[in-house]
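Trainee: Please find one structure pasted underneath; my questions will follow.
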Protein chains: 2
Amino acid sequence: MKQIIEYIDKNKNNYINELKEFLKIPSISNDPNHKADIIKCAQFVKTKLVNAGLNKVKVIKTKGHPLVYGEWLKANGKPTVLIYGHYDVQPVDPIELWDNPPFEPIIKSNKIFARGATDDKGQAFMHIKSVEAFLKKTGKLPLNVKFIIEGEEEVGSSSLEQFIDENKKLLECDAVLISDTSLYDVGTPTLTYGLRGLAYMEVEVTGPKKDLHSGGFGGAVANPINILAGMINKLMDKNGKITIPTFYDDVAKLTKKERESFKKLKFSDKKFAKEINVAELKGEKGFSTLERLWVRPTLDCNGIIGGFTGDGAKTVLPSKVKAKISMRLVPNQDTKKIAKAFIKYIKSIAPKSVKVKVSDLHGANPSVTSLDDKSTIAASKAMEKAFGKKIVYVREGGSVPIVPVFAKKLNAPVVLMGLGLNTENLHSPNEHFNLDHFQLGIKSSAYFLEEFAK
Amino acid sequence: MKQIIEYIDKNKNNYINELKEFLKIPSISNDPNHKADIIKCAQFVKTKLVNAGLNKVKVIKTKGHPLVYGEWLKANGKPTVLIYGHYDVQPVDPIELWDNPPFEPIIKSNKIFARGATDDKGQAFMHIKSVEAFLKKTGKLPLNVKFIIEGEEEVGSSSLEQFIDENKKLLECDAVLISDTSLYDVGTPTLTYGLRGLAYMEVEVTGPKKDLHSGGFGGAVANPINILAGMINKLMDKNGKITIPTFYDDVAKLTKKERESFKKLKFSDKKFAKEINVAELKGEKGFSTLERLWVRPTLDCNGIIGGFTGDGAKTVLPSKVKAKISMRLVPNQDTKKIAKAFIKYIKSIAPKSVKVKVSDLHGANPSVTSLDDKSTIAASKAMEKAFGKKIVYVREGGSVPIVPVFAKKLNAPVVLMGLGLNTENLHSPNEHFNLDHFQLGIKSSAYFLEEFAK
């Protein structure tokens, strides 16, 4: 193992340079204009898997963006790990808030800045490099490895989900290993044992058939923006509780043990508020910040647009307004059930004076993984070895929609060995990835292969 | 008078062709990119005044967009009328909803379609043509006439206001005549004796210093869109009453006589709702639709934007959201007082978890004119002659900010002889002007010159 770690140390700069190339490809999955970049990015991943020494590497066409597969199955009698990652990235807007162009990676203070740096190119790349280290240095791996890298994580992983359904034998494994979550803190080895789910809706409210003069019509006609504001306001009560009927029915209760373990993490509200520059934190009454982030469902408006939004004053009574509203879900909520409840409720609170259209844009179920599983134990040991520190167990507020799908359809535990940080601006301008963590991630991955093989 | 009317009839097509040229100039006053078009448009108006036979015609530079002045003061001992209009127009967005390009005038069903057709180029042009008819046909006018045509009506008339302050002698008159309002119905001669005022604000709510991942942060931090929705919701109660303290303090009470006279107009809620394609009308409880439009103040969101507004799903917890919120005011509300009350209230209802910035973008005072004034009586007779029908008296929901300024600073009655229609899409896509009304307006203007001279 020592020679593997030395090899990884020696190649540090190569890894960074290769990651830069990966980050230069603007593989934005929700934008049809970037279709060619998506293809280019899948080819890049394929080349990297081939160079790492994997077999049967291929780019697999789907109805959506392509998947990349590769395997090394020569460790007879040893367990098989399926390593998952995604090469697609979030859009870049608001582009004007980036200090550097999002697809021209730059290193500052030992962090690499680019869209996709931490979510998920940097993290997916760690595993390719750990496998490469074994194969280049020793010609073999301590266990069997399969890679599946997708290009639709940021838009719902629907092609991968179908591929899993149709290729259960190909993807069969003893554990799924994913790095697409965060460390609890800089330099703290962390395993994430729970993720929230998501139900993402778009609500369009239409009043008059066209924009009207607010002088000639104001006072006579319902204003769709005012109406939608009222409807959004009705989605949560004063205590931050979501008011959609049946919404909390399936929410798993926070255990006393969990509450105690979160308390031990000594999370500082004050520090957190300062980091994001707000005067105070806010959320559901009766729960700590970590509880609200990890084990409680939430509702957020992700965007809103309607009427005149240019500079100056235009006295219009708008015809339409559109809001994106999403809910983070927790075990054992079901995304489809919640979407249905949302649609029913939002329509029920709309006055007759407007028309309401609701679209279900995106969904993911929440998930939890047992801390007693062999794979979780191996991952804990691996990270402790790499970091030289004791592991902490956390949950995460975000969703990796494919996680519950893997768990259910492949009947395998999912290990979330995330090396990102919540402060690394994933989904925001100036996304970056800590290069120490990148290197520690490659080592953690290598140690995991060793530990899980035992 | 007969020969004047015949002359106007004979020149109908010329007037339309000249109006087309006027409408081709994209004189959008709120957009700095159209500065050159504004200048071009002022020159166009100057040329038309010169051609009409007016004296001392000049384009007057201001801090903002230029004014155009012209006069004919050879009717010794006769009264003087100051004719006002504006050559600037509203922006054109949403451009995609126009059936024809907004600055390529086209005639369909005897209506001319273009931005500015009814507001106010078509209407201002009527008076130039009536004066021209007199001067071309008889070489003189029955009274003294001054023209002041401005280029900042859609952005608050601030240069004109300053010009009035500094040129009271030049603009001295016995009445101000303005066509920038609407007929009650197609073919119905109408005088408008009251206008609403305006207070137009922009509210920006900022939560975290940058856009955050709604998974990683949702539930811990106040979401500015949700917060702003709640604040907007708080601006009006269930009965459509505005909740800003002191807001109704100065509102003139609706008289029994007024209520009766509005009733006689037989306004159809059903027809109105059908025209704008809404299932039901909505507004302040306890008042009829005409009352709500003409004598009651209102509050409308004119636009809102924040967070992710592109296609698909982006799981962002936005940093900022911005709304334009305007109030229509009625006698005797004061725009500055209302703006102050709004700012105080909106700040008072903002939670500590966000920052709120309010800008006062635009304001206008409401106004009423006496129906017993000599100028109003002359205008009534003039329109009745032109239309061959009995006049109706209405108020209007919109604002012409300069009206109360004229009334106060020149100490002159303001006659609102509007020939537009509320259904002509002013401030909206597919703005148009009824060409019968255009022609009737030229005749009404000519009759007014005759009547007011008596």
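Trainee: Just a yes or no: is a residue in region B:39-59 touching a residue at least 60 places away in the same chain (Cβ under 8 Å), assigned to a loop (DSSP other than H, G, I, E, B) and over 24 Å from B:A114 (Cβ atoms)?
Mentor: yes
Trainee: Exactly one of these conditions fails for A:V203: (1) assigned to a strand (DSSP E or B); (2) within 30 Å of A:C41 (Cα to Cα). Give me its number.
Mentor: (2)
Trainee: Let me ask something else about it. Can we say A:T376 is within 18 Å of A:S182 (Cα to Cα) and either touching a residue at least 24 places away in the same chain (Cβ under 8 Å) or not acidic (D, E) (or both)?
Mentor: yes
Trainee: What strands (runs of 3 or more DSSP E), lying completely within region A:362-454, carry at least 2 residues that are in contact with an Asp or Glu (Cβ under 9 Å, 6 or more places away or on another chain) and more than 14 Å from every other protein chain (Cβ to nearest Cβ)? Don't jump to the end; show me each part of the working.
Mentor: Values: elements: A:392-396, A:414-416, A:432-434.
Ranges flagged: A:432-434.
Trainee: Could you check B:K74 against (1) closer than 21 Å to B:K146 by Cβ; (2) in a helix (DSSP H, G or I); (3) out of contact with any Asp or Glu (no Cβ under 9 Å at 6 or more places or on another chain) and say which number it fails?
Mentor: Among (1) closer than 21 Å to B:K146 by Cβ; (2) in a helix (DSSP H, G or I); (3) out of contact with any Asp or Glu (no Cβ under 9 Å at 6 or more places or on another chain), B:K74 violates only (2).
Trainee: Given the options A:S326, A:S367, name the one that is at pLDDT 95 or above and of a type in the set (G, A, S).
Mentor: None of the others qualify; the one that does is A:S326.
Trainee: Read through the list (1) of a type outside the set (F, W, Y); (2) out of contact with any Phe, Trp or Tyr (no Cβ under 7 Å at 6 or more places or on another chain); (3) away from every other protein chain (no Cβ under 14 Å), then give the number of the only condition that B:E154 fails.
Mentor: For B:E154, the exception is condition (3).
Yes/no per residue for (1) more than 10 Å from chain A (Cβ to nearest Cβ); (2) within 19 Å of B:P245 (Cα to Cα); (3) part of a helix (DSSP H, G or I):
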{"position": "B:D311", "(1), (2), (3)": "no, no, no"}
{"position": "B:K336", "(1), (2), (3)": "yes, yes, yes"}
{"position": "B:A339", "(1), (2), (3)": "yes, yes, yes"}
{"position": "B:Y345", "(1), (2), (3)": "yes, yes, yes"}
{"position": "B:V358", "(1), (2), (3)": "yes, yes, no"}
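Trainee: From the residues in region B:44-71 that are of a type outside the set (S, T, N, Q) and over 27 Å from the mean Cα position of the chain (by Cα), which one is farthest from B:K20 (Cα to Cα)?
Mentor: B:K56
Trainee: Only one of (1) closer than 20 Å to A:D249 by Cα; (2) crowded, with 19+ Cβ neighbours inside 10 Å is not met by A:K336, so which one is it?
Mentor: So A:K336 meets the others, but not (2).
Trainee: If I ask for residues that are free of Cβ contacts under 8 Å to residues at least 40 places away in the same chain, over 21 Å from A:A222 (Cβ atoms) and not in a loop (DSSP other than H, G, I, E, B), which ones from region B:240-296 would you list?
Mentor: B:K256, B:K257, B:E258, B:R259, B:E260, B:F262, B:K263, B:K264
Trainee: Looking at A:E96 and the list (1) outside any helix (DSSP H, G or I); (2) modelled with pLDDT under 95; (3) out of contact with any helix residue (DSSP H, G or I) (no Cβ under 8 Å at 6 or more places or on another chain), which single condition is not satisfied?
Mentor: Every listed condition holds for A:E96 apart from (1).
For (1) modelled with pLDDT of 95 or more; (2) exposed (fewer than 13 other Cβ atoms within 10 Å of the Cβ); (3) over 21 Å from B:Q90 (Cβ atoms), each residue gets a yes or a no:
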site: B:Q3; (1), (2), (3): yes, yes, yes
site: B:N13; (1), (2), (3): yes, yes, yes
site: B:E18; (1), (2), (3): yes, no, yes
site: B:F22; (1), (2), (3): yes, no, no
site: B:I25; (1), (2), (3): yes, no, no
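Trainee: Moving on to the next point. Answer with yes or no whether A:L82 is surrounded by fewer than 18 Cβ atoms within 10 Å (Cβ to Cβ), assigned by TED's automatic domain parsing to the domain that holds A:P26 and in contact (Cβ under 8 Å) with a residue 40 or more places away in the chain.
Mentor: no
Trainee: A further question on this structure: So, of the residues in region B:297-309 that are touching a residue at least 24 places away in the same chain (Cβ under 8 Å), under 24 Å from the mean Cα position of the chain (by Cα) and within 7 Å of chain A (Cβ to nearest Cβ), which turns out to be farthest from B:G397 (Cα to Cα)?
Mentor: Selected residue: B:I304.
Trainee: Just to verify a result, which residue in region A:313-330, among those that are more than 7 Å from every other protein chain (Cβ to nearest Cβ) and not basic (K, R), is farthest from the chain's Cα centre (by Cα)?
Mentor: Here is the first cut: in region A:313-330, the ones more than 7 Å from every other protein chain (Cβ to nearest Cβ) are A:319-320, A:322-323, A:325, A:327, A:329-330.
Next cut, not basic (K, R) only: A:319, A:323, A:325, A:327, A:329-330.
On the way: A:S319: 35, A:A323: 22, A:I325: 17, A:M327: 14, A:L329: 14, A:V330: 15 Å.
Checking each candidate, the answer is A:S319.
Trainee: Does A:F217 fit the bill of being surrounded by 24 or more Cβ atoms within 10 Å (Cβ to Cβ) and of a type in the set (A, V, I, L, M, F, W, C)?
Mentor: yes
Trainee: Out of B:I225, B:I164, B:I178, B:I244, which single residue is closer than 30 Å to A:W294 by Cβ and either more than 10 Å from chain A (Cβ to nearest Cβ) or in contact with a Cys (Cβ under 7 Å, 6 or more places away or on another chain) (or both)?
Mentor: Within the list B:I225, B:I164, B:I178, B:I244, the selection yields B:I225.
Trainee: Tell me, please, whether a residue that is outside the structural domain of A:V356 (by TED's automatic domain parsing) and crowded, with 20+ Cβ neighbours inside 10 Å can be found in region A:242-264.
Mentor: Yes, there is a match, as at least one residue in region A:242-264 is outside the structural domain of A:V356 (by TED's automatic domain parsing) and crowded, with 20+ Cβ neighbours inside 10 Å.
Trainee: Can you find even one residue in region A:414-427 that is over 15 Å from the mean Cα position of the chain (by Cα) and surrounded by fewer than 19 Cβ atoms within 10 Å (Cβ to Cβ)?
Mentor: No - not one qualifying residue is present in region A:414-427.
Trainee: Just checking, how many residues over region B:172-186 are within 27 Å of B:R296 (Cα to Cα) and surrounded by fewer than 19 Cβ atoms within 10 Å (Cβ to Cβ)?
Mentor: Of the residues in that region, 2 qualify.
Trainee: With respect to A:E104, is the statement that it is over 18 Å from the mean Cα position of the chain (by Cα), farther than 21 Å from A:I442 by Cβ and of a type in the set (D, E, K, R) true?
Mentor: Yes, satisfied.
Trainee: Taking interchain pairs and intrachain pairs at least six residues apart, which have beta carbon atoms under 7 angstrom, with the first residue in region B:336-350 and assigned by TED's automatic domain parsing to the domain that holds B:T243 and the second among the small types (G, A, S)?
Mentor: Note: pairs meeting the criteria are B:K336/B:G363; B:I338/B:A199; B:A339/B:A199; B:A339/B:G363; B:F342/B:A199.
The values are calculated or read from the model by the stated rules, or taken from the named source; none is laboratory data. Everything numeric in this text was worked out from a predicted model, so none of it was measured. Because the Cβ atoms are built from the backbone with ideal geometry, glycine has one as well, and the counts that use them run over all protein chains shown.
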